[in-house]
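The values are calculated or read from the model by the stated rules, or taken from the named source; none is laboratory data. Treat the numbers as computed from the prediction; the structure is a model and nothing was measured. No Cβ is skipped: glycine too gets one built from the backbone with ideal geometry, and neighbour counts run over all protein chains shown. Protein only, heavy atoms only, side chains kept; ligands, DNA and RNA dropped before computing areas. Shrake-Rupley method; radii C 1.70, N 1.55, O 1.52, S 1.80 Å.
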2 protein chains.
Amino acid sequence: MAIAERWLRERFGSEIVDHRIWALCGDGCLMEGISSEATSLAGHLGLDRLTILYDDNGITIDGKTSLSFSEDVPKRFDAMGWHTQVIDGHDRAAVRKALEAAKAETSRPSIICARTVIAHGAPNLAGTNKAHGAPLGDAEVRATKERLGLDPDVTFAVPVDVVSYVRRGNPARAEARVAWEKRLAESPQRARFERFHANPNTSEVSWPTFETGSKIATRKAGEKVIQALSQRIENLIGGSADLAESNGSYMHGGGDVARGAWDKRNLHFGIREHAMASISNGLSLHGGVVPYCATFLTFHDYMRPAVRLAAIMHRPIVYVYTHDSVWLGEDGPTHQPIEHLMAMRAMPNLWVVRPADANETVAAWKLALARRDGPTALCLTRQNLPVIANTGPGLERGAYVLADEPEIHVVLIATGSEVALALQAKDVLGQEGIRARVVSMPCTALFDRQDAAYRSSVLPRGVPRVSIEAGTTFGWERWVDGGISIGIDRFGASAPGAVVADKLGLNVPNVVAKTRELLGAR
Amino acid sequence: MAIAERWLRERFGSEIVDHRIWALCGDGCLMEGISSEATSLAGHLGLDRLTILYDDNGITIDGKTSLSFSEDVPKRFDAMGWHTQVIDGHDRAAVRKALEAAKAETSRPSIICARTVIAHGAPNLAGTNKAHGAPLGDAEVRATKERLGLDPDVTFAVPVDVVSYVRRGNPARAEARVAWEKRLAESPQRARFERFHANPNTSEVSWPTFETGSKIATRKAGEKVIQALSQRIENLIGGSADLAESNGSYMHGGGDVARGAWDKRNLHFGIREHAMASISNGLSLHGGVVPYCATFLTFHDYMRPAVRLAAIMHRPIVYVYTHDSVWLGEDGPTHQPIEHLMAMRAMPNLWVVRPADANETVAAWKLALARRDGPTALCLTRQNLPVIANTGPGLERGAYVLADEPEIHVVLIATGSEVALALQAKDVLGQEGIRARVVSMPCTALFDRQDAAYRSSVLPRGVPRVSIEAGTTFGWERWVDGGISIGIDRFGASAPGAVVADKLGLNVPNVVAKTRELLGAR
């Protein structure tokens, strides 16, 4: 959020964008690795409008933090380039002063380490982990109220003087809001500001097209799309976890966002996938920007908790996941996705799109940017793929017939790089008199949402089906309906991509043999 | 690994256990959040035998680390209680001295920040990111060799003086090894040491049994198993990411491992799930201990990259995942697993076990400890479940018939907490004349490995099937074979668990209605 604020302020000036980001965090938050990833980048970028209030109560669910935590937190944040303060969190004057000091700091993010007592005021449970994960309970609430001089029989009550104190500030806040609205209304930048905050308008994007028969990796096709988008969608912002060139995620000519270079476009998240996805959530929740982020597909695992939050919160974020199969080659099993496509498809509200070729990649990006109620993962190849005739239209329905015969014996369902393989297999099967339909199924979630008529027009009942995907076969049962699935039900191997794929049966002879077997077996 | 070394040294003395752990890391490693999690805990525990050699070459794939990283690394490690040194990594005398200083440090882990030049000696690529992700190439290798005074036409050659230098140390190393073997052979602890390094022997464990009709959450049953195991398997070591009580993962009477308390049993990982799973990998790879770790099922996502490594590396680790469905209640969608079971089942070599009740939980633990070639995830309930007759035997085959009728109309397949629901539905269906078999399917991976005869004895062809599981229905197609799946294809909701489950259709009337519909539709 602090990145979005700073980035927009650079463009609109502090007349229009001028706010601060306050984060409340506890001991557990600072133990999670993502807190180090995110605060390290915040320090690097000098996000001075960001202030963390760290509720340092020394208690977690299991007991005292001293069971597992003995960091010098101010020093840790100092090492990351933060302004640090340590105060008594129950001393209201000290809190006020610390907030002012944080606001006065103009080059670094700020953390206020506020030493507190959990359940402060509760006579028996204060300072204990019993007050962490469970309610205080009726008796302790009563005792606490008595101790604080409140009427224990009155519940959900706010004292009159507290109400009036809070309301006293309202006119000034309303005035500030009206003044801001006036500044915006009169600003020459008004239309631009509203455009930034509307859905991305892709009507003037010069979408690339790719000639049938040429060869290009879908990550490279994606790179061309990003260039085209960056020309027309000026609030497109994004980047990679240190794989900008490999992912094809760099906006050429957009420059690198850095401390003092906020007019630039490309974010460098560092090797911090979890924070990258979380920052993308923050950018999207803040608004005014169109965020995307990129890494290898296998590293989806590192960012998965934040992707899940995007799905829960309906955030329209685009994940660019390249090197989407064993075809990535020598990096081997740790880097070769196997179960990732299915693990992502299992997540509610995440659209997983694996385009068959360059033109389907363009269609996938269109789909992702048109989506407003959740995130979309684009799974792209490292290796070159042939550009296939007629790909793209139909992608919005999740699956479509790409090549057909008048009367079919079998349907070959494929995604991504395996669509070209299915087309080759179709030709060989045809020579044997087996007439195959080839279906490209870039997005299973969208296909499942189509009506029964469309679904059965693509996958007619009674016609045997074969799925082909360079990943686990688990999950394909939903679409092959008693047919067979060709895939990889083991971890990968380190060798040139084509060798690995071939050894694991992702080749024409195996697809043909398995299909023949399926049909013979009936 | 350093935890394992220290923990075993406490038990066997430095006569037998006395080694050091060296870690090599780069800039990217220190950006990943897991590095902060793990090094924070290492500092807290004072793991003085652990030394990190940080190859600080200032280069990542995208370019200079200054694109995204400006931490004061020594200060960061100092804040976490580490001994720190900064040296010129190309100065061999300085490296030697730093290694000695690290060894001399007896209360803190140590990091040696070695400033280096990537591709040192390569005339054109040294110090650039071109030397990071790709080979130098023939020309640059030749130029480098020339510059270093080596013959560019000789490859895979080790100079004779290097060979002799290295071999000169061999007799001393061989001697040390023989001396250690002698000490071990003569040690009164020898048998114990060998037992620690053999497969866990559970033959004398007093496994708990649970009376049919009583009620207990499977996490509580798991807690009783852990108590029984801790009595007989003295090298069982484990803990939780700050949820010891909730997970039922605490070995009562085992005490808390801490700096200066290495005779204890329970690890407190802090709120660091990723490091917890990675440390479990380290414990298992080190050997001599039987590791388990615990958190809520939803936080599997945080540890997923390390779980995948365990599966790739065939590590026999037990993951205790409690609060395994929307039944966890008020914590709501962020904490309620939906897609997790299927996302885990998609991973090769990970066994996912969701026991139906307390006795099946005992069987699950037996299975997990007997497994030697990969990790096992035990998915346990927060809520109480009835103890069912005849559960347990059959679990090792992944699925088995729990309740049957002479001639069946339908098979209800359920896992975990939904097995009791299936049994209730069976009764109601029976009153309508619909005869149902109930199959408990705690581990799909094991069921898939059974022969066709067994599989069809449990799930006979031609009999309609209904699966019931409080998670996504995606994936169940593999086992329902054209039948239907009752589950939750959306994120959860915050309310008492029973309310959420009921609202989402996990109740007898819905199971009965859907089953009736399925049978009527045929």
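General remarks:
- Nonlocal amide H pairs with B:L236, under 5 Å, H built at 1.01 Å: B:V290
- The protein assembly as shown, accessible area per residue, ligands and nucleic acids excluded (1.4 Å, Å²): 40 Å²
- Here the spin labels are modelled as points 7 Å beyond Cα on the Cα-Cβ line, and at B:R115 and A:N384 they lie 4.5 nm apart.
- Taking every protein chain into account, the 1.4 Å probe leaves A:S214 with about 50 Å² of accessible area, to the nearest ten.
- Delta accessible area of at least 10 Å² on complex formation, residues of the stretch A:33-51, 1.4 Å probe, chain isolated as reference: A:G33, A:S36, A:E37, A:S40, A:H44
- Distance (nanometres) between label positions extended 7 Å along Cα→Cβ at A:Q431 and B:S14: 7.2 nm
- Ellipticity at 222 nm from helices only: DSSP H runs of n ≥ 4 in the protein assembly as shown, each -39500 (n - 2.57), divided by the residue count, give -11500 deg cm²/dmol.
- Cβ nearest the rotation axis (B onto A), residue from chain B and distance to the nearest whole Å: B:G33, 1
- Exercise: per-residue mean of other protein chain Cβ atoms within 10 Å, A:334-341: 3
- Once the Cβ-Cβ distance of A:R147 and A:R92 is raised to the sixth power relative to R0 = 22 Å, the FRET efficiency obtained is 0.75.
- Centre separation in Å (Cα based) which lies between the stretch A:400-439 and the stretch B:392-427: 40 Å
- With label points defined 7 Å past Cα in the direction of Cβ, position A:A157 shows copy-to-copy spacings of 9.3 nm, given to one decimal and shortest first.
- Of all DSSP-defined beta bridges confined to the stretch B:390-501, some 20% are antiparallel rather than parallel.
- Average beta carbon contacts from partner chains per residue of A:265-276, 10 Å cutoff: 5
- With label points set 7 Å from Cα along Cα→Cβ, the inter-copy distances at A:E405 are 4.4 nm, sorted shortest first.
- Sulfur and carbon atoms: percent of accessible area, the stretch A:247-303 [1.4 Å]: 52 percent
- Apportionment of accessible area to carbon and sulfur, the stretch A:1-118, percent (1.4 Å): 52 percent
- Interchain or long-range residues, amide H under 5 Å from A:A294's placed H: A:G239, A:S240, A:A241, A:V320
- Between copies, the label points of A:P393, set 7 Å from Cα on the Cα→Cβ line, lie 6.5 nm apart, reported in increasing order to one decimal in nanometres.
- Modelled FRET efficiency - R0 25 Å, B:E194 with B:E396, Cβ distances, 0.05 increments: 0.35
- Of all lysines in the structure, the ones whose alpha carbon falls short of 24 Å from that of A:K145, not counting any fewer than 8 places away in one chain, are A:K130.
- Shown for the protein assembly as shown: cysteine residues without a partner Cβ closer than 4.7 Å, namely A:C113, A:C293, A:C379, A:C443, B:C113, B:C293, B:C379, B:C443.
- Label-to-label distance, A:T212 versus B:A498, with points set 7 angstrom from Cα along the beta-carbon direction: 6.4 nm.
- Pairwise FRET efficiency - B:E234 versus B:S187, Cβ, R0 = 22 Å, nearest 0.05: 0.85
- Residues losing 40 Å² or more accessible surface upon assembly, the stretch A:475-511, compared with the chain by itself, 1.4 Å: A:E477, A:R478, A:F491
- For the stretch A:466-506, the residue among A:G505, A:I486, A:F474 whose Cα projects farthest onto the positive side of the dipole built from Cβ charges is A:G505.
- In the B-A interface, the accessible area buried, summed over both sides, Å² (probe 1.4 Å): 5900 Å²
- Nearby lysines by direct alpha-carbon distance to A:K264 (threshold 20 angstrom, same-chain neighbours under 8 apart not counted): A:K224, B:K64
- Relative packing of B:65-75, A:501-511, which averages over residues the other C-beta atoms within 10 Å, highest first: B:65-75, A:501-511
- Counting only DSSP beta bridges with both residues in the protein assembly as shown, the antiparallel share comes to about 15 percent.
- Sequentially through the stretch A:469-474, phi angles give Karplus couplings (6.51, -1.76, 1.60; θ = phi - 60°) of 8, 7, x, 4, 7, 4 Hz, Gly and Pro residues having no value and appearing as x.
- Panel note: contact residues of the stretch B:287-307 (accessible area lowered by at least 40 Å² against the chain on its own; 1.4 Å probe) correspond to B:D301, B:Y302, B:R304, B:P305.
- For B:K503, a cut-off of 27 angstrom between C-alpha atoms picks up these lysines, skipping any fewer than 8 places away in its own chain: B:K215, B:K220, B:K426, B:K514.
- Once backbone amide H atoms are built at 1.01 Å from N, B:I21 has B:L50, B:T51 as its partners under 5 Å, excluding neighbours fewer than 5 places away on the same chain.
- Peptides B:173-181, A:282-290, A:252-260 ordered by average Cβ neighbours within 10 Å, highest first: A:282-290, A:252-260, B:173-181
- Counting 0.36 nm for each residue step from B:N510 to B:E245 and taking away their Cα separation leaves a gain of 92.0 nm.
- Binned Cα-Cα distance frequencies in the stretch B:64-159 - 10 Å width, integer %: 14, 31, 30, 20, 5
- Rounded to whole numbers, the Karplus 3J(HN,Hα) couplings from phi for the stretch A:326-339 are 4, 4, 5, x, 4, 4, x, x, 5, 9, 8, x, 10, 8 Hz, using 6.51 cos²θ - 1.76 cosθ + 1.60 with θ = phi - 60°, and x at Gly and Pro.
- Cα shape, the stretch B:189-308, gyration tensor, a/c 1.5 rule: oblate
- For the protein assembly as shown, the pair-distance distribution built from all alpha carbon pairs, in bins 20 Å wide starting at 0, is 11, 40, 38, 11, 0 percent.
- For the stretch A:209-217, backbone phi angles converted through the Karplus equation (6.51, -1.76, 1.60; θ = phi - 60°) give residue-by-residue couplings of 10, 10, 7, 3, x, 6, 10, 7, 5 Hz, Gly and Pro being listed as x.
- The stretch B:128-178, accessible surface, carbon-and-sulfur percent (1.4 angstrom probe): 60 percent
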